[in-house]
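Engineer: The following block contains the structure, expressed as structure tokens.
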Amino acid sequence: MKIYCGKDYEHAGRITANILSAQIIMKPDCVLGLATGSTPISAYENLIRHYESGDLDFSLVHSINLDEYRGLDPENDQSYRYFMNTHLFDHINIDKKNTFVPDGMEKDAEKACQDYDEIIRSHGGIDLQLLGLGHNGHIGFNEPSDSFAKGTHLVTLTESTVTANARFFASASDVPKEAYTMGIRSIMQAKIILVMACGESKKEIIKKAFYGPITPQVPASVLQLHPNVILVGDEAALG
Ligand code: GLP
């Protein structure tokens, strides 16, 4: 595992954006696995800057996002599709037809999951997967569990995740309790995994995930088995 420690959140965002940019420059038609949450926002801001300065071209890039709340439509400002549009896609020259987020409005869970796995498969997998880290070690919405779920699946969010994500909603009761998420297999099959985790509150889980036992109770711990992981953090998280 390669570790880059930025001095603060902004610096970590620049490092993350530089790694994503290198991937796009090396392979202009790459498939990026993208993430939501507050952590990648500074990386996305820097990608937009690189695009605006003429240093990056997204016209051939495809993106496949990790997850989506079940029951939220793309226009809902709490949906992950809305997040991706407003934080990145609306500001760069990516073709939105080439951007994928699970369909939160698909009621048939089996169909939603199969369709998404087919999207991943038909793209030949993911070149670089960006990940944030939940406080309980979740990646995407793969919550602590008795086994590592392989493909895209429907999850019931844990109380800790609902509580953590309540800050984006009017109240905790507004947070959807279910989500569709890419599975561990698709994440692990990405050629490169880029984890971004910042702030004091991520310190403990970073230790557990990367230096503790590999267990589905800490889903991110499976990343220890991946041959090409890059961890970007700040001093508060990496100490
Ligand atoms: C959500 C997302 C995850 C993200 C996590 C951490 O639960 N599904 O993909 O990594 O939040 O969020 P934050 O970056 O805001 O700490």
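The values are calculated or read from the model by the stated rules, or taken from the named source; none is laboratory data. In this text, all values refer to a predicted model and were calculated from it rather than measured experimentally. Backbone-built Cβ (ideal geometry, glycine too); neighbour counts: all protein chains shown. SASA here: full protein model, heavy atoms, side chains in, ligands and nucleic acids out. Shrake-Rupley method; radii C 1.70, N 1.55, O 1.52, S 1.80 Å.
Engineer: May I ask you to list the residues in region 160-204 that are in a loop (DSSP other than H, G, I, E, B), surrounded by 19 or more Cβ atoms within 10 Å (Cβ to Cβ) and within 11 Å of the ligand (Cβ to nearest atom)?
Structural biologist: Result: VAL175, MET182, CYS198.
Engineer: Also, quick follow-up: Please specify each residue of region 17-37 satisfying the condition of being touching a helix residue (DSSP H, G or I) at 6+ places or on another chain (Cβ under 8 Å) and either farther than 19 Å from LYS96 by Cα or open to solvent by 50 Å² or more (accessible area, probe 1.4 Å) (or both).
Structural biologist: First, the residues of region 17-37 that are touching a helix residue (DSSP H, G or I) at 6+ places or on another chain (Cβ under 8 Å): 17-18, 20-21, 30, 32-34, 36.
If the condition is that a residue be touching a helix residue (DSSP H, G or I) at 6+ places or on another chain (Cβ under 8 Å) and either farther than 19 Å from LYS96 by Cα or open to solvent by 50 Å² or more (accessible area, probe 1.4 Å) (or both), then ALA17, ASN18 are the ones that fit.
Engineer: Sticking with this one: Checking THR215 against (1) more than 15 Å from the ligand (Cβ to nearest atom); (2) surrounded by 17 or more Cβ atoms within 10 Å (Cβ to Cβ); (3) part of a loop (DSSP other than H, G, I, E, B): exactly one of these is not met. Which one?
Structural biologist: (2)
Engineer: Anything in region 92-115 that is among the small types (Gly, Ala, Ser) and open to solvent by less than 20 Å² (accessible area, probe 1.4 Å)? List them, or say none.
Structural biologist: Matches in region 92-115: GLY104, ALA112.
Engineer: Right, next: With the requirement that a residue be more than 16 Å from the ligand (Cβ to nearest atom), part of a strand (DSSP E or B) and β-branched (Val, Ile, Thr), what does region 26-76 give you?
Structural biologist: VAL31
Engineer: Would you be able to say whether some residue in region 117-130 is at pLDDT 95 or above, over 21 Å from ILE24 (Cβ atoms) and touching a Ser or Thr at 6+ places or on another chain (Cβ under 6 Å)?
Structural biologist: Yes, because at least one residue in region 117-130 is at pLDDT 95 or above, over 21 Å from ILE24 (Cβ atoms) and touching a Ser or Thr at 6+ places or on another chain (Cβ under 6 Å).
Engineer: For region 39-53, how many residues are without any contact (Cβ under 8 Å) to a residue 40 or more places away in the chain and either hydroxyl-bearing (Ser, Thr, Tyr) or closer than 24 Å to THR163 by Cβ (or both)?
Structural biologist: Here the count works out to 2.
Engineer: I would also like to ask the following. Within region 1-16, track down each residue that is assigned to a loop (DSSP other than H, G, I, E, B) and either among the polar types (S, T, N, Q) or open to solvent by less than 70 Å² (accessible area, probe 1.4 Å) (or both). Step through it out loud before you land on a result.
Structural biologist: At the first step, the residues of region 1-16 found to be assigned to a loop (DSSP other than H, G, I, E, B) are 1, 7-8.
Residue satisfying the conditions is ASP8 alone.
Engineer: For region 142-159, which residues satisfy the criterion of being in a loop (DSSP other than H, G, I, E, B), within 10 Å of the ligand (Cβ to nearest atom) and touching a Phe, Trp or Tyr at 6+ places or on another chain (Cβ under 8 Å)?
Structural biologist: Of everything in region 142-159, just one residue is in a loop (DSSP other than H, G, I, E, B), within 10 Å of the ligand (Cβ to nearest atom) and touching a Phe, Trp or Tyr at 6+ places or on another chain (Cβ under 8 Å), namely LEU157.
Engineer: Can you tell me which of PHE89, PHE58 is hydrophobic (A, V, I, L, M, F, W, C) and in contact with a strand residue (DSSP E or B) (Cβ under 6 Å, 6 or more places away or on another chain)?
Structural biologist: Checking each option against the conditions leaves just PHE89.
Engineer: I would also like to ask the following. In region 78-91, what count of residues is obtained for those that are within 16 Å of the ligand (Cβ to nearest atom) and either hydroxyl-bearing (Ser, Thr, Tyr) or open to solvent by 10 Å² or more (accessible area, probe 1.4 Å) (or both)?
Structural biologist: 8
Engineer: Still on this structure: Here is a check on your reading of the model: is GLY125 closer than 21 Å to LYS177 by Cβ and either open to solvent by less than 40 Å² (accessible area, probe 1.4 Å) or within 16 Å of the ligand (Cβ to nearest atom) (or both)?
Structural biologist: Answer is no for this residue.
Engineer: From ASN46, ASN65, which residue is buried (at least 23 other Cβ atoms within 10 Å of the Cβ) and polar (S, T, N, Q)?
Structural biologist: ASN65
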